[in-house]
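*Asks:* Mind looking over this structure? Questions follow.
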Amino acid sequence: MINGTVIDLSRLQFAATALYHFLFVPLTLGMSFLLAAMETVYVTTGRPIYRRMAMFWGRLFMINFALGVATGLTMEFQFGTNWSFYSSFVGDIFGAPLAIEGLMAFFMESTFIGLMVFGWHRLSKGQHLAVTWLVALASNLSALWILVANGFMQDPQGAAFDPTTMRMHLTSFQDLIFSPDAQSKFVHTSIAGYVTGAIFVAGVSAYYLLRNRHVELAKRSFRMAVLFGVLATIGVVTLGDALGFVDAQAQPTKLAAMEGLWKTEPAPLPLNLIAFPDQAQQRNHGAVQIPAVLSLLETHSLDGTVPAIDALERQAVRQVEDGIPAVQALQTLSRNPEDPAALAQFNAHREDLGYGFLVQRYAPDLTRVTPAEIRQAARDSIPPVAAVFWSFRVMVGTGLAMLAFFVLATLYSLRNRIQEKPWLLKLAMGMIPVPFLANEAGWLVAELGRQPWTVYGVLPTWMSVSTHSVGYMAFSLIGFVALYSTFIAIEMYLMVRTIRIGPPEARGPRGPQPRPRPMPAGGAFATAPHAARTGD
Amino acid sequence: MNGYAIAQIIWWLLLGVLLVGLAVMVGMDMGVGASLRYVGRTDTERRVALNIIGPHWDGNQVWFILGGGAIFAAFPLIYATAFSGFYVVMLLLLWTMILRPIGFEYRSRIGNPAWRGAWDWALVVSGAVPMVVFGAAFGNLFRGVPFHFEWNMTSFYTGGFLGLLNPFAVTTGVLSLAMSVMMGSLTVMNGAEGTMAARARGLAQVAGTVAIAVFAIDGFWVHSMAGYHWVSGPGPGIPQTPLQQAVITSPGAWFGNFTAHPVLWCVPVLGFAGMIGAILAARAKFSHLGWWSGALAWIGVIGTAGSALFPFMLPSSSDPSMSLTVWNSSSSELTLRWMIGFTVFFVPLILWYTGWAFWVMRGKITPDMVESDEHAY
């Protein structure tokens, strides 16, 4: 039997390391495009200031990128180390996008980032620009594949359970990658990254403008960032709405938790703007409602309705009851894979296999399951409502605040009056933490809202963990907390220091010129071929 | 032999290709890291060493990430059982490996000697420890690992942490570290000049000699060790669980494939020849040739392990019949086919642009360069 503390510690470790990793990734996604845009302006107009911009923001980009890479290693291996049952159960499907991410995206991103940083003097203008665009493209491709993998956890498309191997197997690769959840989530999440990059560049530029330093560079950076940001924020909001629409179909329990919908009511449904959900009593305290808005948002019509928690729980009771014979049949099939009666019983109940697993947490021997245990399992099928409800409101609230900021900043920046508005510049600096908060809240909505499943409706979280001792899990958690705390302190210090020092001032009236290749002798780049090791 | 069995074998071979990529490319960078304080005596010399691999370490590291992802996709039971079973060792690997990106990126951003000294040590540790862990993990495959499955494929690892650091596994760890130091030294020799290159040249020969000795000793050791022998089970190309086979252990069984197919002896010979070639090339100051010869040695060493173990991938010492093989731990045919397609398309593309990146950044790295370039590590 799996120890409950091990489950909690595994979840805590995953949440902590994923939330931490997700501090760095969105900034990489957004800044890579801004760097590519700045360099494009440099190459098309030939104005050196844009080259200085790309180089300066590139330095900050790399400080962030290093931690994204380092903490990404943890994520790739954590499924195997801490979630071994999950990994063997769905590795057939979930592993594929991770491997493709490596093949298609990570190699491209990591190889060309070396050239982006070290290749300024070695590549022609056009080549370097191409390299920078490839980095931006690759970081987005990596987001695509990781969200295809995540999309499978939210809405398992293109897969089926195979009783002969006791695992899920792929039935359609197309269904897996074109799952609506994966696609809308990819666009929503990567654009959220663009917003993060835009706020960061705008905020740091505002810092220089307020102090009258590097004014030309900061003004241009600010303008590019807010233009990029206003478009991106509109995209995030639109896609967020689309994602809500998809969730309404695929994950009714998540949607009910996001909106604090305890009791089934007739359409049109009101929106709980503010409420304090109480999971034990299954009701909200102090709700402030807007009539009819929820039906409009989630079904895009006035007479649409979405299932509430009471109805979902009643349905879960039926599913648990139906899932029990499926698990029992599977136990027989494990001993004798060809038992025809067990196979028939399994096929009759296979749809609800996951719900059978859900109750096995309380009744390891399913022949003695009690109605109370079935009710408890059904109750478990509802995610933690208050946490999901409030994470969702933090995400939407911060998103709308950023939209308002970007609209204002774009207006003043385009009229070239941004320096006359110190309050707006101070606001821009104050906005720097906001997208990070929004991203983390978004992660919580998506992954807490998926509970109690690792794969929605198919595999419960409690079963997915590795069979470690509490001591092992505590040891690894402490190790990660110690390492990661040190890392973030160093990262913040370097980031702040590099920003304080600022970009090097332009040398001469036209700034530094790109040096031709190969390097002149003074540059001491020897021309001896060095390439034999790669076969060229 | 049906299509599924062929896909399983192709994936077993592809995994070998990816492991060789990992050993050659990551091993080279790890070797530079592990020997950083020996090859580079001053701060500038260490910066030269770091900048030789500076533009490439990040791309090279993806072989490691891809290795993990590919095992996950193609052999999910291996990924799940091995990574959770080797828990503490995996943490050791991860915690040292995540120091590397930060070490490379942050070390030279601040001039303080204590700061740089601390990161130098971090880079030494993050170069040496992962290579020892990789090698030790392979060593444990020969000895078997204590694990078993419940009816629903929940795996239980029943050994301790120290059991994974048994004497044989330590020797394979040393072999892996020695080979990567050899490759790292050849890389530094190729990219640096003067006394640094001379130190690297000496180290490459020493490391290569150690590797030859340990590889030979391990060969005799494996011969006297109890190997695993597959007796019965559903076999290749049939969906199954590891609960349906019979496996016994017997001394010398790891040489069974070599006895059955003597042509396989070419593989360990390639390992020895590659190491000897690398040493001779280092002595003759042909660093390129030495590097390529070292890469062949990796193919020989990893190929030897694979030839001996096949079809086993993760033998169980506590319940040999639950050992994981190519046949009972692979993904479904559909997944394997898609992944063969992606791998066959992308790996040549990766090799091509990696080659271009090395060509662009070709040439020696000198102290002047690292001191005048604001982007240098």
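The values are calculated or read from the model by the stated rules, or taken from the named source; none is laboratory data. Small disclaimer: the values here were computed from a predicted structure and weren't measured. Heads up, the Cβs are rebuilt from the backbone with ideal geometry, glycines too, and the neighbour counts pull from every protein chain shown. These accessible areas exclude ligands, DNA and RNA; they are computed on the full protein's heavy atoms, side chains included. Shrake-Rupley method; radii C 1.70, N 1.55, O 1.52, S 1.80 Å.
*Asks:* About its Cα centre, what dipole magnitude does segment A:309-380 give when the only charges are +1 on Lys and Arg Cβ and -1 on Asp and Glu Cβ, stated in debye to the nearest 20?
*Replies:* 140
*Asks:* Ignoring ligands, DNA and RNA, what percent of the accessible area of segment B:3-372 is carbon or sulfur (1.4 Å)?
*Replies:* 74
*Asks:* Quick one: net charge of A:Phe200's neighbours, Cβ under 14 Å, K/R +1, D/E -1?
*Replies:* Overall, the nearby charge balance is 0.
*Asks:* Let me ask you something else. Give the whole-number value, in cubic angstrom per residue, of the convex hull volume spanned by the C-alpha atoms of chain A.
*Replies:* With only Cα atoms used, chain A gives 183 Å³ per residue.
*Asks:* Among rounded, prolate and oblate, which fits segment B:90-228 when a ≥ b ≥ c are the square roots of the eigenvalues of its C-alpha gyration tensor, a/c under 1.5 means rounded, and a/b larger than b/c means prolate?
*Replies:* Oblate.
*Asks:* Now, a different point. So how long is each side of the protein assembly as shown along the principal axes, counting just the alpha-carbon atoms, biggest first, in Å?
*Replies:* Principal extents (Cα only, largest first): 84, 81, 44 Å.
*Asks:* How high is the FRET efficiency between B:Val170 and A:Ser172 when r is their beta carbon distance and R₀ equals 35 Å, given to the nearest 0.05?
*Replies:* The pair B:Val170/A:Ser172 has a calculated efficiency of 0.15.
*Asks:* Follow-up. For the pair A:Arg47/B:Asn112, report the inter-label distance in nm, with labels modelled 7 Å from Cα in the Cβ direction.
*Replies:* Distance between the two pseudo-spin positions: 3.9 nm.
*Asks:* If you plug each phi of segment A:58-72 into the Karplus form 6.51 cos²θ - 1.76 cosθ + 1.60 with θ = phi - 60°, what whole-Hz ³J(HN,Hα) values come out, in order, with x for Gly and Pro?
*Replies:* Rounded to whole hertz, the list is x, 5, 5, 4, 5, 4, 5, 4, 4, 6, x, 5, 4, 6, x.
*Asks:* Same structure, new question: How about A:Lys426: which lysines have a C-alpha closer than 18 Å to its C-alpha, ignoring those fewer than 8 places off in the same chain?
*Replies:* A:Lys219
*Asks:* Taking R0 as 56 Å, what FRET efficiency do you get between B:His223 and B:Asn2 from their Cβ-Cβ distance, rounded to the nearest 0.05?
*Replies:* 0.95
*Asks:* With a probe of 1.4 Å, find how much accessible area chain B has per residue, and write the answer as a whole number in Å².
*Replies:* So chain B comes to 33 Å² accessible per residue, rounded to a whole number.
*Asks:* Which net charge results when you count Lys and Arg as +1 and Asp and Glu as -1 among the other residues whose beta-carbon is under 15 Å from that of A:Gly449?
*Replies:* Residues near A:Gly449 contribute -3 overall.
*Asks:* Enter the angle in degrees (range 0 to 90, nearest 10) between the Cα long axis of helix B:3-21 and the first principal axis of the Cα atoms of chain B, meaning the one along which they spread out most.
*Replies:* That helix lies at roughly 20 degrees to the long axis.
*Asks:* Something else about it: Checking the cross-link filter: which lysines have an alpha carbon closer than 20 Å to that of B:Lys364, excluding same-chain neighbours under 8 positions apart?
*Replies:* The reachable lysines, counting only those whose Cα sits under 20 Å from B:Lys364, are B:Lys285.
*Asks:* Okay, moving on. If one computes the Cα centroid of segment B:186-255 and of segment A:448-477, what distance in Å separates the two points?
*Replies:* 35
*Asks:* I've got another one for you. List the residues whose amide H sits under 5 Å from the amide H of A:Asp162, counting only those 5 or more places along or on another chain, with H placed 1.01 Å from N in the peptide plane.
*Replies:* Those qualifying (amide H under 5 Å, at least 5 residues apart or on another chain) are A:Arg167, A:Met168, A:His169.
*Asks:* How tilted is helix B:87-97 with respect to the longest principal axis of chain B? Cα atoms for both, answer in degrees (0 to 90, nearest 10).
*Replies:* 20
*Asks:* I've got another one for you. Separation between the A:Phe276 and A:Ala160 pseudo-spin-labels, each 7 Å from Cα along Cα→Cβ, expressed in nm?
*Replies:* About 5.0 nm separates the two model spin labels.
*Asks:* Which whole number gives the average count of other chain Cβ atoms within 10 Å of the Cβ atoms across peptide A:115-123?
*Replies:* 5
*Asks:* Can you give me the long-range amide H partners of A:Ala287? Hydrogens built in the peptide plane at 1.01 Å from N, cutoff under 5 Å, separation of 5 or more residues or another chain.
*Replies:* Those lying under 5 Å, H to H, from A:Ala287 are A:Phe276.
*Asks:* I'd like the orientation of helix A:371-380 relative to chain A: the angle between its Cα long axis and the longest Cα principal axis, in ° from 0 to 90, rounded to 10.
*Replies:* 10
*Asks:* While we're looking at this one, here's another question. Which aspartates and glutamates, on any chain, are close to A:Lys421 with Cα under 16 Å apart, when same-chain ones fewer than 8 places away are left out?
*Replies:* Straight-distance partners of A:Lys421: none at all.
*Asks:* Quick query: amide H of B:Ser332 versus all other amide H atoms, modeled in the peptide plane; which residues come in under 5 Å with a sequence gap of 5 or more or a different chain?
*Replies:* A:Leu170
*Asks:* Also, quick follow-up: Taking every alpha carbon pair in segment B:230-324, what does the distance histogram look like in 10 angstrom bins from 0, in percent?
*Replies:* 16, 32, 25, 17, 9, 1
*Asks:* Per residue of B:289-299, what is the mean number of Cβ atoms on other protein chains within 10 angstrom of that residue's Cβ?
*Replies:* Average neighbour count from other chains, rounded to a whole number: 1.
*Asks:* At a threshold of 8 angstrom on Cα-Cα distance, excluding pairs fewer than six apart, so keeping six or more, what relative contact order does chain B reach in percent?
*Replies:* About 25 percent, as a whole number.
*Asks:* Sticking with this one: Which one of B:Pro113, B:Thr96, B:Ser185 is farthest out on the positive end of the charge dipole of segment B:61-199, using unit charges on Cβ (Lys, Arg +1; Asp, Glu -1) and the Cα centre as origin?
*Replies:* Checked the options; the winner is B:Pro113.
*Asks:* Restrict the search to segment B:241-339; then list the trypsin sites (Lys or Arg not before Pro) that DSSP places in a loop and that have at most 14 other Cβ atoms within 10 Å of their Cβ.
*Replies:* B:Lys285
*Asks:* Using a 10 Å cut-off around each Cβ of peptide B:211-222, what is the average number of partner chain Cβ atoms that fall inside?
*Replies:* The shielding value for this peptide is 0.
*Asks:* Provide the net charge surrounding A:Arg415, with neighbours chosen by a C-beta distance below 11 Å and charges set as Lys +1, Arg +1, Asp -1, Glu -1.
*Replies:* Every neighbour counted, the sum reads +2.
*Asks:* Report the relative contact order of segment B:258-364, percent, no decimals, based on alpha-carbon pairs under 8 angstrom and at least 6 residues apart.
*Replies:* Result for segment B:258-364 is 18 percent.
*Asks:* Relative contact order (percent) for segment A:241-291, with alpha-carbon contacts under 8 angstrom and 6 or more residues of separation?
*Replies:* 27
*Asks:* What does the convex hull of the Cα atoms of segment A:309-380 come to per residue, in Å³, rounded to a whole number?
*Replies:* 73
*Asks:* Right, here's the next one. Over all directions, what mean area does the Cα convex hull of segment A:317-425 project, stated in square nanometres?
*Replies:* Computed as one quarter of the Cα hull surface, the answer is 12.0 nm².
*Asks:* Related question: Could you report the buried accessible area between A and B, both sides summed, computed with a 1.4 Å probe and given in Å² to the nearest 100?
*Replies:* 8900
*Asks:* Calculate for the protein assembly as shown the 222 nm mean residue ellipticity that helices alone would give, adding -39,500 (n - 2.57) per DSSP H run of length 4 or more and normalising by residue count, nearest 500 deg cm²/dmol.
*Replies:* After summing the helix terms and dividing by residue count, I get -23000 deg cm²/dmol.
*Asks:* Select from B:Gly135, B:Gly294, B:Gly69 the residue whose mean-square fluctuation is largest in a Gaussian network model of chain B (Cα-Cα springs shorter than 10 Å).
*Replies:* B:Gly69
*Asks:* For labels at A:Glu351 and A:Tyr493 in the simple 7 Å Cα→Cβ model, what's the distance in nm?
*Replies:* 6.0
*Asks:* Rounded to the nearest Å, what's the spacing between the alpha carbon centres of segment A:272-309 and segment B:48-78? Just the number, please.
*Replies:* 47
*Asks:* Quote the FRET efficiency, to the nearest 0.05, computed for A:Gln127 versus B:Leu349 with a Förster distance R0 of 22 Å and r equal to the Cβ-Cβ distance.
*Replies:* About 0.80, to the nearest 0.05.
*Asks:* I need the phi-derived Karplus couplings for segment A:191-205: 6.51 cos²θ - 1.76 cosθ + 1.60, θ = phi - 60°, integer Hz, Gly and Pro marked x.
*Replies:* Result, ordered by residue: 5, 4, x, 5, 4, 4, x, 5, 5, 4, 5, 5, x, 5, 4 Hz.
*Asks:* Report the one residue of A:His214, A:Phe94, A:Val385 whose Cα lies farthest in the direction of the positive end of the charge dipole of chain A (charges on C-beta: Lys and Arg +1, Asp and Glu -1; origin at the Cα centre).
*Replies:* Sorting the options by dipole projection puts first A:His214.
*Asks:* Residue by residue through segment B:367-377, what is 3J(HN,Hα) from phi via Karplus (6.51 cos²θ - 1.76 cosθ + 1.60, θ = phi - 60°)? Round to whole Hz and write x for glycine and proline.
*Replies:* With the stated coefficients, segment B:367-377 comes to x, 4, 5, 5, 7, 9, 9, 5, 8, 5, 6 Hz.
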